[in-house]
Every structure is written in structure tokens, then in C-alpha cells.
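Okay, so here's the structure we're looking at.
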């Protein structure tokens with residue numbers, strides 16, 4: 001994923017994202033970003049909401065309900081819970 005565009009700094013130093021950037025990064029109004037400065041460059045990174053990522057992000061692991069229940073019971077027993 002690579003894109004390079006120009007943007008203008010607006011009133012009160014607001015930076016307005018071009019639609020092509022918004023579409024590519026799938027950002028929406030209210031999303032959080034991290035801004036860092038390195039060697040004269042401003043780097044803006046989208047901070048993804050963890051709940052949104054869990055619901056809509058790329059999945060990298062799979063676990064069944066039975067596995068969750070087994071692990072839960074093991075942990076409860078480990079700490080003195082009754083099963």
C-alpha cells in the first residue's frame with residue numbers, strides 16, 4: 001500500500017486528508033492518530049480502535065467455544081475456583 005499526495009495546512013494548523021488517503025486507510029471522522037516527527041518529516045499513523053479491530057480486523061487465530069471453556073475451567077481450578 002503506497003500513495004503520495006499533497007495537502008494544505010488550514011486554519012489553526014488543521015491538516016485535511018485528501019479523499020484518496022481516507023479511502024485507502026479507511027479512516028473516519030473521530031479516529032485517533034499518532035503524530036511523530038523524525039528528521040524533518042511528520043509521520044501520521046492511524047490508531048485503530050481495539051474493539052473495531054477485534055470485530056472487523058484480520059483474524060490470525062482460531063479457537064472453539066469448547067477450547068475457551070476448557071481453558072477457563074483450568075484457570076479457575078488453578079486459582080482455587082470450583083468447577
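Some observations on this one:
- Among residues of segment 39-50 that are closer than 16 Å to residue 22 by Cα, those with a Cβ under 6 angstrom from a residue that is not in a loop (DSSP other than H, G, I, E, B), sequence gap 6+ or separate chain, pair up as 43/36; 44/33; 44/35; 45/34; 46/25; 46/33; 47/32; 47/34.
- Members of segment 1-15 found to be loosely packed, with under 10 Cβ neighbours inside 10 Å and out of contact with any helix residue (DSSP H, G or I) (no Cβ under 8 Å at 6 or more places or on another chain), listed by number: 2, 4, 6, 8, 9, 10, 11, 12, 13, 14
- Scan segment 44-73 for residues that are assigned to a strand (DSSP E or B) and surrounded by 10 or more Cβ atoms within 10 Å (Cβ to Cβ) and the total you get is 3.
- Selection status of residue 31, in contact with a strand residue (DSSP E or B) (Cβ under 7 Å, 6 or more places away or on another chain) and without any contact (Cβ under 8 Å) to a residue 60 or more places away in the chain: yes
- Contact map, segment 9-28: residues that are in contact (Cβ under 8 Å) with a residue 40 or more places away in the chain paired with residues that are surrounded by fewer than 11 Cβ atoms within 10 Å (Cβ to Cβ) and assigned to a loop (DSSP other than H, G, I, E, B), Cβ distance under 7 Å, separation 6+ or inter-chain. No pairs are found.
- Residue that is surrounded by the most Cβ atoms within 10 Å (Cβ to Cβ), among those in segment 16-39 that are at pLDDT below 95 and more than 20 Å from residue 1 (Cβ to Cβ): 16
The values are calculated or read from the model by the stated rules, or taken from the named source; none is laboratory data. Model, not experiment: these values are computed from the prediction. Please note: Cβ atoms are built from the backbone with ideal geometry, for glycine as well, and neighbour counts cover all protein chains shown.
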